[in-house]
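Can you keep this structure in mind? I'll have questions shortly.
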Amino acid sequence: MTKLFIDKSTTGVVDNDRFLRVQMRKQKIGAVIRYFILLFCGLVMLYPLFWMFSASFKPNHEIFSSLSLWPNEFSLDGFINGWNTGTEYTFGRFFLNTFYYVVPKVILTVISSVIVAYGFARFDIPFKKFWFVTLVATILLPTSVLLIPQYLMFREMGMLDSYMPLYLPMAFATQGFFVFMLIQFLRGLPTDMEEAAMIDGCNSFQLLWYIVVPMLKPAIISVALFQFMWSVNDFLGPLIYISSVEKYPIALALKLSIDVTEGTQWNEILAMASIAIVPSIVVFLIAQNYFVEGITSGGVKG
Amino acid sequence: MSKVVLENLTKVYSNGFKAVHGINLEIEDGEFLVVIGPSGCAKSTTLRMLAGLESISGGTITIGDRTVNNLPPKDRGIAMVFQNYALYPHMSVRENLGFGLKLAKVSKEDIEKQVNEAAELLELTPLLDRLPRQLSGGQAQRVAVGRAIVKRPQVFLFDEPLSNLDAKLRASMRVRISDLHNTLKKTNRSATSVYVTHDQTEAMTMGDRICVMKDGHIMQVDTPANLYKYPQNLFVAGFIGAPEMNMVEADLSRNDQDEYHLSLNEQGLTLPAEKAQKVASKFASDVVFGIRPEFIKLADDSSPQGEVVKGIVIRMENMGAEFYVHFSVDGEKKEMCARIPSDIVEAQLWNSKGKEQLFHFEMSNAHIFDKQTEENISL
């Protein structure tokens, strides 16, 4: 709040003080209303998550019969049985499976997207505008459109029932959204540092490695984080390419317990779902600061 | 040897805009050349072409005895200091200084030695482990200069290095850079420098020579003193000097006795013999008459006839030791300005605002420009 300095001899001190008090009160009331609305919206959005978490501690019959978030009969059966799954593998196996393709996917995405974005943002390539429009067009293309031709392609290559179809395309910067995001971020960075480095003796790759990548760090972390969360949650990809149970990732494993048992054990599913979101939440919390910087400063002069 | 020669240097942008119109410039070994001009005069473009950051559309650039037209920046033997410092934000001052050497695969001990040497020279030693964001503007600029020195280049390029600093710091950095240039020269290190600026104080105080540019052309290259005393054209005359040179349109005429008269509307001025001689060969009747404010005095009995003009005082600005007295000459729209010592103003001009006053124009220091060609015909 800005302080008002009013000449005491003409207006009187009392008026000034009262004015300030009224202003303060108005601001306090405003803040209370604001926080109340925010808190309410936040709770509404978090409720399903709380519900899932609490339901995983309830016995199966209680889940749909009570609204209370606090279990009447506290039970860990959901976690124990869920972890053991109905198959010969424990849920830990499915966890590992997920990371087997998510980690290479994230790494390949970051490397390829950064290189392509650097090219777009800093080099004069023939027909650059055309390529850029093409890139943006691929963002608008629904992924399901590509599923059948891609499936046929990977079948010809003999890569079905392996993780290759899930991460190999990422090595070619196929996710236009990330490339686009990095290009916008790069455009906002001043080129002086790169020019200085060129004079200092950097070639294009040294420039990328020593100067551009460190400056791009917030955007790179955002890309990695988005890709990580989307990949862990991806259901369609594994569903199409992975057929043997021993290679199932979490997303498919959760589905597994829905159709193999006759009466669905919801507490097991919810318990495993609760565990399944832990990596995403942990990764997000670790990278939170960079993440926010990365998505907000893209396009703004750095 | 690190002489720099620009020959017929041209820059045409892809949209057809011609930024640099075939300029020729020689910069001697160890010289400090300041390039000055209004914004958009292509002074930075020229510097960037010299650095290799901008492609060349025509002409040649020679540094030392090599033509560097097609060499990448790193092979040109140059170092550049940027306007906004361009320090690598994720590296400490030490790493910033040593980065160029590291890329050149210099041994760690040598890097350490040279970095420390430069740091000492610029009083950066206590700051070596800081990051650029922990530095003040002046410190950051010193690091930027240090980064250039460490490389031991043949030529230093400065692109408006002081324009982001406040006035006081700018003054001290100005002296520092000049001193540094002299130190390097004394220690026999190559110190040819090209310094781009739009600040004429920097140009006048730092440059061995000044190159004045306008719209991609070089208007004049000369020492600061000559540029001030003998401007070759209207642009240089108006650009150099503060307050600006007074310039009014006038008619020049010659009589039977070979005397030259300038008429500012009703009033006449006579050119002294030595000026008249010079004007004779390039005579033009439509001219611009120019005189610097310090060569206008209050007229007294000793003022020669033909150098006295009547004016009306419009306003007086107190500068401390002197006053800027603004006056209008009858019939002229443009105000003129005279620099008159405070004691004279206090004795003779007090309360003279709005009143008529006789001014003495020292015609031997006046300049006559051809209105058409804008050239100085009185040199």
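The values are calculated or read from the model by the stated rules, or taken from the named source; none is laboratory data. Quick caveat: nothing in here was measured; it's all calculated off a predicted structure. Glycine also receives a Cβ, built like all others from the backbone with ideal geometry; neighbour counts cover every protein chain displayed.
Answer with yes or no whether residue B:377 is in contact with an Asp or Glu (Cβ under 8 Å, 6 or more places away or on another chain) and outside the structural domain of residue B:265 (by TED's automatic domain parsing).
When the stated conditions are applied, residue B:377 passes them.
Looking only at region B:284-309, which residues are within 25 Å of the chain's Cα centre (by Cα) and part of a loop (DSSP other than H, G, I, E, B)?
Hit for region B:284-309 is B:292, nothing else.
Of the residues in region B:30-80, how many are in contact with a helix residue (DSSP H, G or I) (Cβ under 6 Å, 6 or more places away or on another chain), in a loop (DSSP other than H, G, I, E, B) and within 14 Å of chain A (Cβ to nearest Cβ)?
3
Given the options B:184, B:165, name the one that is part of a loop (DSSP other than H, G, I, E, B), touching a residue at least 24 places away in the same chain (Cβ under 8 Å) and crowded, with 16+ Cβ neighbours inside 10 Å.
Going through B:184, B:165 in turn, just one is part of a loop (DSSP other than H, G, I, E, B), touching a residue at least 24 places away in the same chain (Cβ under 8 Å) and crowded, with 16+ Cβ neighbours inside 10 Å: B:165.
Related question: Among the residues that make up region B:101-120, is at least one of them in contact (Cβ under 8 Å) with a residue 24 or more places away in the chain, polar (S, T, N, Q) and either more than 9 Å from chain A (Cβ to nearest Cβ) or under 28 Å from residue B:175 (Cα atoms) (or both)?
Yes: one or more hits.
Would you point out which residue out of A:75, A:113, A:56 is in contact with a Gly (Cβ under 6 Å, 6 or more places away or on another chain) and within 28 Å of residue A:277 (Cα to Cα)?
Sole residue among the options that is in contact with a Gly (Cβ under 6 Å, 6 or more places away or on another chain) and within 28 Å of residue A:277 (Cα to Cα): A:56.
Can you say whether residue B:236 is of a type in the set (A, V, I, L, M, F, W, C) and either in contact with a Leu (Cβ under 6 Å, 6 or more places away or on another chain) or surrounded by fewer than 22 Cβ atoms within 10 Å (Cβ to Cβ) (or both), as far as the supplied structure shows?
No: the conditions fail for residue B:236.
For region A:159-208, what are the residues that are in a helix (DSSP H, G or I), of a type in the set (A, V, I, L, M), within 14 Å of another protein chain (Cβ to nearest Cβ) and in contact (Cβ under 8 Å) with a residue 60 or more places away in the chain?
Result: A:208, single match.
Test residue A:241 against the stated conditions and say whether it is in contact with a Pro (Cβ under 6 Å, 6 or more places away or on another chain), buried (at least 20 other Cβ atoms within 10 Å of the Cβ) and farther than 30 Å from residue A:292 by Cβ.
Yes, satisfied.
A follow-up question, please. Can you tell me how many residues within region B:121-132 are more than 12 Å from every other protein chain (Cβ to nearest Cβ) and in a helix (DSSP H, G or I)?
4
Same structure again: So, in region B:82-95, how many residues would count as being surrounded by 21 or more Cβ atoms within 10 Å (Cβ to Cβ) and more than 9 Å from chain A (Cβ to nearest Cβ)?
Selection size over region B:82-95: 1.
Between a residue in region A:139-151 that is surrounded by 10 or more Cβ atoms within 10 Å (Cβ to Cβ) and any residue that is assigned to a helix (DSSP H, G or I) and not charged (D, E, K, R), which pairs come within a Cβ distance under 6 Å, given they are 6 or more apart or on different chains?
Note: pairs meeting the criteria are A:139/A:176; A:139/A:177.
Looking at region B:2-37 only, could you name the residues that are of a type in the set (Gly, Ala, Ser) and touching a strand residue (DSSP E or B) at 6+ places or on another chain (Cβ under 9 Å)?
B:2, B:19, B:22, B:30, B:37, listed by residue number.
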